[in-house]
Amino acid sequence: VTLTAIAALCVLAGALTPSFAQEAPPLRSGPVSQDLGAGMRQSRMTLEDLSIRSPIRLQGTRAEIGIPFGMRADEVATKASVTVNMAYSPALLGDLSQLVVMLNGEVIQTVKLLPDGADGTTLELEIEPALFLPGANQLNFRFLGHYAADCEDPFHSSLWMNISNERTFLDVTVQ
């Protein structure tokens with residue numbers, strides 16, 4: 001009698017449940033929205049909610065990603081922020097390397113990538129509500145990386161940054 005045969009008999013007898021029969025973990029519920037009363041609503045959307053299925057990897061001396069999302073035409077943003085959870089190469093020069101966060105082509109903030117935040121940091125950036133448009137909008141992350149002050153290889157392995165798709169989110173209050 002083999003161990004496999006014993007396990008099969010236990011499964012048939014109901015003593016063991018095969019691993020493929022276990023319930024799958026619940027799926028993400030999507031953007032979180034909260035009614036604030038007086039016709040106001042706050043929404044939190046992770047990058048994953050905005051169809052970014054894996055962490056963002058930006059490489060080279062200049063790399064950028066644009067993330068489209070929509071706003072209802074009958075709503076106006078009254079308050080907004082973006083929380084960015086990121087890590088980047090410790091070899092980057094802090095006085096030359098930066099992350100530029102933009103909404104609809106307008107700069108929200110430029111952040112220097114200093115060595116002390118390389119192993120992981122979270123930024124919360126306020127967004128001017130007037131930058132949101134009815135309908136289509138786009139959130140951009142632009143990475144400008146440098147590891148040398150003079151001549152450098154634009155594809156060097158130390159020129160990288162990661163942005164979490166699950167822990168980076170956009171908070172928007174609308175009326």
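Where residues in segment 148-164 are more than 22 Å from Asp119 (Cβ to Cβ) and hydrophobic (A, V, I, L, M, F, W, C), which of them is surrounded by the fewest Cβ atoms within 10 Å (Cβ to Cβ)?
So, considering only residues that are more than 22 Å from Asp119 (Cβ to Cβ) and hydrophobic (A, V, I, L, M, F, W, C), the one surrounded by the fewest Cβ atoms within 10 Å (Cβ to Cβ) is Cys151.
Go through the residues of segment 165-173 one by one and say whether even a single one is among the aromatic types (Phe, Trp, Tyr) and open to solvent by less than 50 Å² (accessible area, probe 1.4 Å). Checked segment 165-173: at least one residue is among the aromatic types (Phe, Trp, Tyr) and open to solvent by less than 50 Å² (accessible area, probe 1.4 Å).
Can you confirm whether Leu131 is open to solvent by 50 Å² or more (accessible area, probe 1.4 Å) and hydrophobic (A, V, I, L, M, F, W, C)? In short, no.
May I ask you to verify whether Arg57 is open to solvent by 70 Å² or more (accessible area, probe 1.4 Å), assigned to a strand (DSSP E or B), at pLDDT 95 or above and in contact with a Leu (Cβ under 8 Å, 6 or more places away or on another chain)? Taking the combined requirement at face value, the residue does not satisfy it.
Inside segment 33-50, residues that are touching a strand residue (DSSP E or B) at 6+ places or on another chain (Cβ under 7 Å) and open to solvent by 90 Å² or more (accessible area, probe 1.4 Å) make up a count of 3.
Asn137 fulfils the conditions (1) within 17 Å of the chain's Cα centre (by Cα); (2) within 30 Å of Val76 (Cα to Cα); (3) open to solvent by 10 Å² or more (accessible area, probe 1.4 Å) except for a single criterion, (3).
This table checks each residue for (1) of a type in the set (S, T, N, Q); (2) surrounded by 14 or more Cβ atoms within 10 Å (Cβ to Cβ).
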site: Asn85; (1), (2): yes, yes
site: Leu96; (1), (2): no, yes
site: Leu99; (1), (2): no, yes
site: Ile108; (1), (2): no, yes
site: Thr121; (1), (2): yes, yes
site: Glu126; (1), (2): no, no
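For segment 100-157, residues that are more than 30 Å from Gly70 (Cα to Cα) and among the hydroxyl-bearing types (Ser, Thr, Tyr) total 2.
The values are calculated or read from the model by the stated rules, or taken from the named source; none is laboratory data. Note that the structure is a prediction, hence the values are computed from the model and not measured. Neighbour counts are summed over all protein chains in view; Cβ atoms, including those assigned to glycine, are modelled from backbone coordinates with ideal geometry. Keep in mind that these areas ignore ligands, DNA and RNA; they rest on the heavy atoms of the full protein, side chains included. Shrake-Rupley method; radii C 1.70, N 1.55, O 1.52, S 1.80 Å.
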